Amino acid sequence: MTTKDRQLPNLGGYFGQFGGKFVPETLIPALNELKQAYAETITDSDFQQQFLQLCRRYIGRPTPLYPAQQLSAKIGGATILLKREDLTHTGAHKINNALGQGLLAKYMGKTRIIAETGAGQHGVAVATVCAMLNLNCIVYMGEDDIKRQSSNVLKMKLLGAEVRPVSSGSRTLKDAINETIRDWVSNVHNTYYLLGSVVGPHPYPMIVRNFQSVIGQETKEQVRAMYHRLPDYLIACVGGGSNAIGLFHPFFNEKSVKFIGVEAAGQGLESNQHAASLIAGKVGVLHGAKSYLLQDRNGQILTTHSIAPGLDYPGVGPEHSYYTDIGRATYVAVTDTQALEGFRLLCSTEGIIPALEPAHAIYYTAKLATDLPQEQLIVINLSGRGDKDLEIACQAIGMES
Ligand SMILES: *Cc1c(COP(=O)(O)O)cnc(C)c1O
């Protein structure tokens, strides 16, 4: 591992053997245009200043780093700190990336934004930023997901987005992605495809990572200011992997800092009802990039399950596949039932209702922290708040209103 590793992906968009751009020929010019424009914005101080200013004034950054004393005391081991992405505008880390790419689209002179969404969280973040930046917004969403996530659909509509139902295939995220790519191919001249995680073809995994790295940069400063040292563990849930990479990446060269990514074990890894792509997947190509995927022996993508909608995806960002191969990060999996335990634990000890995605990280941390001394510092990325999950969570734990 050298300093160069931190500068990955390489020019071809690879992190080791993972990543790349496996897309139709017609999209290569669009990806090149995106890469060029993004490179310009990195050295454009007006652009950078605008991003940081809106992070402060609109998103509410920096988010607090909260020492969870009651949680730590209850567990009786290491010191646990929560990075409070749940306190951002719209209530999850996704807004960091939506804002960054929204500004990038404007910089490129694109007037029409397209996105795809599963549970609707990314769709809401994109619709929010498009309203604020005065951009046209179209969100593709599977018909089944539209039925299940009516409040997010209402939010998107209120924010001025057009929600286009997708009725093909399984009528869920996978089909919405295909539809969005189809739209992009036909309308590349004025259309920006705003991707929601560190997935897809190069340069998306790099761009999304860099916008989300604001999480890890702040964490580093905050831990230093409070403890005059680096943390020992960084722990985050992994769906596509953007909140985890955003926390991890700024610490890549700090070898004493251990990274743990928590995947969804759903009903259990033996059940085939899970979404643990890194732990149980095989290398393949999905949605434009090479990475670990949940697929059968013939390379057909498997259906996935997690109680947390944001973790319910058969692939994972290529940079995580690279981290696992070089041993820079460790990946573990937590079941639905265990995540619900983590969910209740944080509610009762700290008065914070977490989203079900980071509840996976809370459960794992509680197990890990028990055997560690108090001097050890663990940062959990609390990627979002639980309002969106109240119904599912309360139903699952048998609580009635
Ligand atoms: C979408 C979502 C996730 C999963 O996405 P990543 O790209 O893996 O971060 C995690 N937590 C919350 C709250 C989400 O909304």
Check: With respect to the numbered conditions (1) surrounded by fewer than 18 Cβ atoms within 10 Å (Cβ to Cβ); (2) out of contact with any strand residue (DSSP E or B) (no Cβ under 8 Å at 6 or more places or on another chain); (3) in a helix (DSSP H, G or I), which one is the sole condition not fulfilled by H189?
Finding: (3)
Check: Within region 46-54, is there a residue that is part of a loop (DSSP other than H, G, I, E, B) and surrounded by fewer than 16 Cβ atoms within 10 Å (Cβ to Cβ)?
Finding: no
Notebook entry, point to check: Taking region 220-259 on its own, how many of its residues are part of a strand (DSSP E or B) and either more than 21 Å from A366 (Cβ to Cβ) or within 14 Å of the ligand (Cβ to nearest atom) (or both)?
Noted result: 5
Check: If the Cβ limit is 8 Å and pairs must be 6+ apart or interchain, which residue in region 184-199 that is at pLDDT 95 or above pairs with which residue that is within 14 Å of the ligand (Cβ to nearest atom) and basic (K, R)?
Finding: G196/K94; V198/R209
Margin query: One residue is enough: does region 289-311 have a residue meeting the conditions under 28 Å from L31 (Cβ atoms), polar (S, T, N, Q) and more than 14 Å from the ligand (Cβ to nearest atom)?
Written below: yes
Next item on the list: Looking at (1) more than 13 Å from the ligand (Cβ to nearest atom); (2) assigned to a strand (DSSP E or B), find the lone condition where I380 falls short.
Entry: (1)
Checklist line | Lone unmet requirement of (1) in a helix (DSSP H, G or I); (2) surrounded by 15 or more Cβ atoms within 10 Å (Cβ to Cβ); (3) away from the ligand (no atom under 15 Å from the Cβ) for E357 | finding: (3)
Next item on the list: Go through region 89-99 and count every residue that is more than 8 Å from the ligand (Cβ to nearest atom) and crowded, with 24+ Cβ neighbours inside 10 Å.
Entry: 5
Next item on the list: Test T128 against the criterion of being of a type in the set (S, T, N, Q), buried (at least 21 other Cβ atoms within 10 Å of the Cβ) and closer than 30 Å to N10 by Cβ, and give yes or no.
Entry: no
Check: So which residues in region 72-129 are β-branched (V, I, T) and not in a loop (DSSP other than H, G, I, E, B), if there are any at all?
Finding: I75, T79, I80, I95, I113, I114, T117, V124, V126, T128, V129
Notebook entry, point to check: Within region 108-137, can you find the residues that are touching a Lys or Arg at 6+ places or on another chain (Cβ under 6 Å) and of a type in the set (V, I, T)?
Noted result: V124
Note to self: Restricting to region 246-279, count the residues that are touching a strand residue (DSSP E or B) at 6+ places or on another chain (Cβ under 8 Å) and over 29 Å from Q217 (Cα atoms).
What the structure shows: 7
Next item on the list: Check whether at least one residue in region 244-259 is touching a Leu at 6+ places or on another chain (Cβ under 8 Å), of a type in the set (D, E), free of Cβ contacts under 8 Å to residues at least 40 places away in the same chain and over 24 Å from I95 (Cα atoms), and report yes or no.
Entry: yes
Note to self: Can you find, within region 167-177, the residue that is surrounded by the most Cβ atoms within 10 Å (Cβ to Cβ) among those that are over 17 Å from Y193 (Cα atoms) and free of Cβ contacts under 8 Å to residues at least 60 places away in the same chain?
What the structure shows: T172
Notebook entry, point to check: Restricting the search to region 343-383, which residues are over 19 Å from D312 (Cβ atoms), among the polar types (S, T, N, Q) and in contact (Cβ under 8 Å) with a residue 12 or more places away in the chain?
Noted result: T349, T365, T370, Q374, Q376
Margin query: Against the definition (assigned by TED's automatic domain parsing to the domain that holds F251 and surrounded by fewer than 24 Cβ atoms within 10 Å (Cβ to Cβ)), how does T303 come out, yes or no?
Written below: yes
Note to self: Between K367, K388, which is surrounded by fewer than 19 Cβ atoms within 10 Å (Cβ to Cβ), in the same structural domain as D232 (by TED's automatic domain parsing) and on the phi < 0 side of the Ramachandran plot?
What the structure shows: K367
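The values are calculated or read from the model by the stated rules, or taken from the named source; none is laboratory data. Values in this document were obtained by computation on a predicted structure and should not be read as measured data. In this analysis, Cβ positions are derived from the backbone assuming ideal geometry, glycine residues included, and neighbour counts consider all displayed protein chains.
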